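Before any comments, here is the structure.
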Amino acid sequence: MSDVTPARFADVTVVGAGLTGSLVALALAERGAAVQLIEAPGVLTATAFSYAGVPWWSGPAGALGELQAGALRTWQALSLRHGDLGVESCSLALLPDVGEGPLAASHLTTLLPHGPEGTWIEAEALRALEPRLRPRQQSGALLLPYARVALERWSLGLRRALRRLRVHRLQGRVCQLMPVSAGPGTTPVQLRCTDGTLLSCRHVVLCQGASIPELLPSTWLPQLRHSWAGALDLPLADRWRGPLVMALRTLRRQLETSSLAQRTAAWSGPRETPRPADAVILDPGLAPCSAGVRLGQTSSLGLEPTPLQPPDPAQERRRLARVGELLLAEWGPKQLAMARLRQGPVSFTLDGRPLVGSMPRRPGVWVFSGFSGPFAQAVVLAPLLARALDSGRELDAALALQPWRPLMGEQG
């Protein structure tokens, strides 16, 4: 039986049925709201090519990091209430830059205030965990307890939970938020879909990441940007039994953070200030996936809020082939030919904090997007958003997640 149903009036319409939208719909339905969840057909969500890791220990200092530290417990509690959601324990191997070794790994451990102490293992011990793993030019890795979400099990378990809570799933693409004058007896929000369907609700939560600028002016969310991410899925005859593998220092986050300073300089300087070029980076890593192992990730980042064009697939495959050369014992033209390329837009923010809360210029409109480490952040923030929407109050100001917050240097 299909769980896609006709449109109807709802308390809340959630736009975007990826990880973030699904978690919001689940949290709202648990509070008794009548929820409809809109899924754009044929759209590849970021979840489809992520590592699906739960880095509960990697949050920033302050209230958000303390909240994120409870992410694994939150996932486990969801599983107790709703059945199997694919959450499983695993290990994470962080590979340092060449020549850094145990000293750099030890330093990183001190920067994880909410996490366990890592264990340094030599290269041979790392290979013993999974013989197909052969990181080149590495002396070893920092091994950390970790967790991940098996995406196929998550998808099946989630659909069961949403059906049980009577969340109505709709297929369509929202193209316009209709202006409505809120008042006694009126509906605060109406949405128009590309097929002409009109949806009415008291609140709408925008969770479709890089597509949000299609519905809200980019000037209303100055922090929001998007990149194109790429990964290769390589089929394996036997299940991958080793750890997830990531670079000790990820270039993507460094570039996103530096973009803020570059952007501020470009805006506040004279008009002739040259604009920094867009960048494409590769953060070598791998994780289990349903087909075998996922090799990634490339990130093509622009410093402007306007959408980027997707990178050339042939170039993406060549970049990601480098990950196979670096991390797998057997890699060559045969493996590259078997690997499936996945590409899609990913939203992020210039200050590294997600956008969570209501839009003051649009009554009834809420945003839930721009996550760093979404499997650890979205799962703990979705219940807070549901509670804020239900009570009519904003989130705790200490979290500093207001969607409309300005860029550095623009407060005046």
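Of the peptides 124-130, 324-330, the ranking by mean beta-carbon count within 10 Å, highest at the top, reads 324-330, 124-130. For Arg361 and Arg153, the FRET efficiency from 1/(1 + (r/R0)^6), where r spans their Cβ atoms and R0 equals 41 Å, is about 0.55.
For the pair Glu330 and Ala61, label points projected 7 Å from Cα toward Cβ lie 4.9 nm apart. Using a cut-off of under 11 Å, list every residue of region 49-73 whose amide N is near the label point 7 Å from the Cα of Ala400 along the Cα-to-beta-carbon line. From region 49-73, the list is 60-65. Per-peptide packing, taken as the mean over residues of other Cβ atoms within 10 Å, places 191-200, 58-67 in the sequence 58-67, 191-200 from highest down.
What the Cβ-Cβ distance of Arg127 and Ala314 gives, at R0 = 25 Å and to the nearest 0.05, is a FRET efficiency of 0.20.
Using 0.36 nm per residue of separation minus the Cα-Cα distance, give me the extension gain between Ala337 and Asp84 in nm, one decimal. Intermediate results must be reported in sequence, preceding the final value.
Details: separation 253, 0.36 × 253 = 91.08 nm, distance 3.43 nm.
This chain segment gains 87.6 nm when fully extended.
Where a number appears in this text, it was derived from the coordinates with a stated rule and is not lab data. Because the structure is a prediction, the values reported are computed rather than measured. Quick reminder, even Gly has a Cβ in these numbers, built from the backbone with ideal geometry, and neighbours come from all protein chains shown.
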